[in-house]
Amino acid sequence: MDLQVEKVDKVCGEIKAPASKSYSHRAFIAAALAEGQSILRDPLYSEDTLATLQACEKLGALFQRFPDKCIVQGTAGYIRTPENVIDVKNSGTSVRILSSVAAIAPRANYTIFTGDESLRTRPMQYLINALTNLGVTIVSSQNNGTPPIIVKGGFDGGKTDIKGNVSSQFISSILMAAPYAKRPVTLNVKGKFVSKPYVNMTLSVISKFGIDFEYDTSNQPEYSSYYIEPQTYECTDYTIEGDYSSASYMIAAAALLKSDIIIKNLYEDSMQGDKVIVDIIRRMGAEVEVSETEIHIKSDGNLKAFDINLANAPDLLPTVAILMAAADGSSTITGVEHARFKETDRVHNCAAELASVGVDVEEFQDGLKISGKPTGGIVNSYLDHRMVMAFYVLGLKIGHITIQDAACYDVSFPNFLEVMDQITQ
Ligand SMILES: O=C(O)C1=C[C@@H](OP(=O)(O)O)[C@@H](O)[C@H](O)C1
Ligand SMILES: C=C(OP(=O)(O)O)C(=O)O
């Protein structure tokens with residue numbers, strides 16, 4: 001499906017941000033690992049989070065899905081080996097976190113994870129190495145460090161190191177499965193630690209499900225250390241907060257256009273790194289009032305250039321790139337080399353597609369230098385949900401944008417188009 005986007009004048013209304021993708025993945029997995037019945041309130045049912053939910057069902061948990069909640073009968077860690085391979089489609093979070101989880105299945109059985117063409121390029125080697133040191137048998141089927149991944153049951157535990165510069169999902173993965181290792185697990189994250197807020201989100205979820213852990217981050221940037229002893233996840237009643245990454249498209253539209261909009265379900269004390277989008281639009285010139293559970297944005301649509309490091313918020317790269325393209329002057333994004341290993345190489349593809357709509361862009365290894373002015377044109381989405389949603393917002397500002405292969409916003413934000421229609425009427 002191609003999307004034709006035309007200019008609109010203003011953004012207004014009151015809207016609820018969709019539920020967090022990252023918290024939904026973690027809540028589904030923690031509930032699947034818990035003893036007893038958990039209630040997960042306001043979860044996100046998108047293509048990615050459903051990939052995790054269905055994988056957890058194949059590993060033995062029972063899910064009853066309702067629009068506003070999900071009731072999960074957990075496995076208490078006694079997971080079973082699926083009858084067939086598990087296809088997690090486009091979801092990096094699923095393949096990364098569930099690879100460690102599959103290792104707690106009974107010994108001698110194998111779980112196989114695969115996914116779509118993009119997923120089969122996602123790096124896994126650091127996780128494979130770190131789990132191997134913990135007594136797990138795990139291989140990349142083609143021996144090239146990417147999925148398909150084959151995991152044998154059996155997670156001994158012990159001590160392992162991992163480099164933190166490629167994906168925090170490797171660290172979240174080991175932390176989520178560690179309580180069911182035979183022995184305590186010590187995980188040292190070495191060197192640069194990108195996307196760290198996501199690891200803090202993992203710790204927050206496992207702690208809500210009764211898991212105790214210790215950590216020491218005082219030696220950063222050399223290393224950060226995590227320690228978890230054998231224990232059982234407890235069922236709980238857990239509410240999933242709104243998603244700043246998904247909301248970033250509404251927030252960006254509000255900053256770029258004349259606006260007066262309230263976005264609910266965004267928590268002021270959220271641990272999400274992508275919360276920085278609020279500071280970004282403020283620095284660019286929008287007026288933002290933040291209260292405990294919502295934000296109120298007003299803008300005249302004129303934005304100033306600025307520079308930012310997005311190492312802790314890589315999913316904002318496409319959103320911030322289009323904001324910069326519409327701003328006056330020249331702006332720079334740094335710290336996002338790891339965004340090259342997402343659904344697509346987002347550093348390169350953002351540069352290519354901004355150039356194709358008339359923007360001056362310079363690409364470097366860890367970021368982009370961007371100076372306006374976009375004129376419009378045809379945008380290749382590379383089947384990447386965030387490229388679709390970001391360029392859609394740019395289209396609302398400048399008009400005359402056609403986005404190819406645009407249906408993939410389903411991956412994280414199934415009602416994206418309805419929500420955008422609602423606020424631009
Ligand atoms: O753990 C998570 O939920 C995520 C971690 C981030 O990945 P990296 O840690 O690979 O940067 C982020 O890009 C992804 O969308 C979700
Ligand atoms: C990178 C993303 O997700 P994942 O790693 O789960 O595929 C994303 O949602 O932008």
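The values are calculated or read from the model by the stated rules, or taken from the named source; none is laboratory data. Given the structure is predicted, the values throughout are model-derived calculations rather than measurements. Please note: Cβ atoms are built from the backbone with ideal geometry, for glycine as well, and neighbour counts cover all protein chains shown. Surface areas here come from the heavy atoms of the whole protein model, side chains and all, with no ligands, DNA or RNA. Shrake-Rupley method; radii C 1.70, N 1.55, O 1.52, S 1.80 Å.
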Of everything in the stretch 68-97 that's outside any loop (DSSP other than H, G, I, E, B) and away from ligand 2 (no atom under 11 Å from the Cβ), which residue is farthest from Gly153 (Cα to Cα)?
-> Lys69
For the stretch 320-350, which residues satisfy the criterion of being away from ligand 1 (no atom under 11 Å from the Cβ), assigned to a helix (DSSP H, G or I), touching a residue at least 60 places away in the same chain (Cβ under 8 Å) and open to solvent by 10 Å² or more (accessible area, probe 1.4 Å)?
-> Ala326
Hits in the stretch 164-184 (condition: crowded, with 24+ Cβ neighbours inside 10 Å, away from ligand 1 (no atom under 13 Å from the Cβ) and farther than 18 Å from Glu234 by Cβ) | none
What's the number of the condition Gly13 fails, among (1) under 24 Å from the mean Cα position of the chain (by Cα); (2) more than 16 Å from ligand 1 (Cβ to nearest atom); (3) surrounded by fewer than 23 Cβ atoms within 10 Å (Cβ to Cβ)?
-> (1)
Of Leu187, Leu203, the only residue that is in a helix (DSSP H, G or I) and either away from ligand 2 (no atom under 16 Å from the Cβ) or open to solvent by 10 Å² or more (accessible area, probe 1.4 Å) (or both) is Leu203
Exactly one of Glu14, Glu57, Glu35 is modelled with pLDDT of 95 or more, of a type in the set (Asp, Glu) and assigned by TED's automatic domain parsing to the domain that holds Asp260, and that residue is Glu14
Before we move on, is Ile281 more than 12 Å from Gly242 (Cα to Cα), outside any strand (DSSP E or B), among the β-branched types (Val, Ile, Thr) and in contact (Cβ under 8 Å) with a residue 12 or more places away in the chain?
-> yes
Residue satisfying condition, being assigned by TED's automatic domain parsing to the domain that holds Phe170, open to solvent by less than 20 Å² (accessible area, probe 1.4 Å) and among the hydrophobic types (A, V, I, L, M, F, W, C), within set Ile112, Ile86, Ile104 = Ile86
Failed item in (1) surrounded by fewer than 19 Cβ atoms within 10 Å (Cβ to Cβ); (2) farther than 27 Å from Val189 by Cβ, with Ser218 passing the rest = (2)
Answer yes if at least one residue in the stretch 240-249 is buried (at least 22 other Cβ atoms within 10 Å of the Cβ) and part of a strand (DSSP E or B), and no otherwise.
-> yes
Ser224 open to solvent by 40 Å² or more (accessible area, probe 1.4 Å) and among the small types (Gly, Ala, Ser) | no
Whichever residue in the stretch 405-425 is within 16 Å of ligand 1 (Cβ to nearest atom) and closer than 16 Å to Ser118 by Cα and, among such residues, is most open to solvent (accessible area, probe 1.4 Å) | Asp410
Taking the residues in the stretch 300-319 that are away from ligand 2 (no atom under 13 Å from the Cβ) and in contact (Cβ under 8 Å) with a residue 60 or more places away in the chain as candidates, determine which candidate is least open to solvent (accessible area, probe 1.4 Å).
-> Gly301
Hey, Leu53 hits all of (1) open to solvent by less than 20 Å² (accessible area, probe 1.4 Å); (2) without any contact (Cβ under 8 Å) to a residue 40 or more places away in the chain; (3) of a type outside the set (Phe, Trp, Tyr); (4) more than 15 Å from ligand 2 (Cβ to nearest atom) but one; which does it fall short on?
-> (4)
So, in the stretch 299-319, of the ones that are within 21 Å of Val166 (Cβ to Cβ) and part of a helix (DSSP H, G or I), which residue ends up nearest to the chain's Cα centre (by Cα)?
-> Asp315
